[in-house]
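Quick notes on the structure that follows.
Every number here is computed from the coordinates shown, using simple stated rules; none is lab data. None of these values were measured; they are calculated from a predicted model. Please note: Cβ atoms are built from the backbone with ideal geometry, for glycine as well, and neighbour counts cover all protein chains shown.
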Amino acid sequence: MRLAILSLGLLAFSLGALAQSPSSTIRERAAVLHAKNLLVSSLDSRLPRISLEYFLAYEAEGVPGKWAIVKCDNQSKQPNVSPVLCVKTDFELKNGNYLTLVIELEGTQNGKFTGEKMVRVTVNNPTGEVRQVQNLGDLPMALHRRPSKAGSRPPRDLPPPARDS
């Protein structure tokens, strides 16, 4: 009798766990899809009305990105609003740099996402230098900027500094 109760309990627990997993997976997939389809103009008004996925693929010169759900730093405290989801995408660029972008999505209980904002955009180079990009419109310039040289001197055509007499 105990064995039957134990096996029924284990079966009920495993079915409950299976029933919860797909809904969170579906929500995560929906969040990634929503982030990919966001218009970049909604994140930076200087940019055209194209999807975030297209914009990043263009700026990354066709390198595929890895999209994933990550833990957000701050969670919504509003009633009837589901927890905030953050979508992170990483690109390993052809020149050895890494591009990372994190988007925060907020949604209601019915599964619709009601708001989004850019949390962080960074460009890391192989030497370990990390450049924060403040606006998405500045990303092309940050990606194609020449790497700085440690201990570099100013250009030679500058006059020497003025001295007080």
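Pairwise Cα distances in region 24-143 exceed 25 Å in 23 percent of cases. Taking amide H as placed 1.01 Å from N in the peptide plane, Cys72 has its amide H under 5 Å from the amide H of Cys86, each at least 5 places away in sequence or on another chain. Spin-label pair Lys112-Val63: with each label point 7 Å from Cα along the Cα-Cβ axis, the two points sit 3.8 nm from one another. For Leu38, the residues whose modelled amide H falls within less than 5 Å of its own, excluding neighbours fewer than 5 places apart on the same chain, are Leu52, Glu53.
Taking amide hydrogens as placed 1.01 Å from N in the peptide plane, the amide H of Arg120 sits under 5 Å from those of Val102, each at least 5 positions away in sequence or on another chain.
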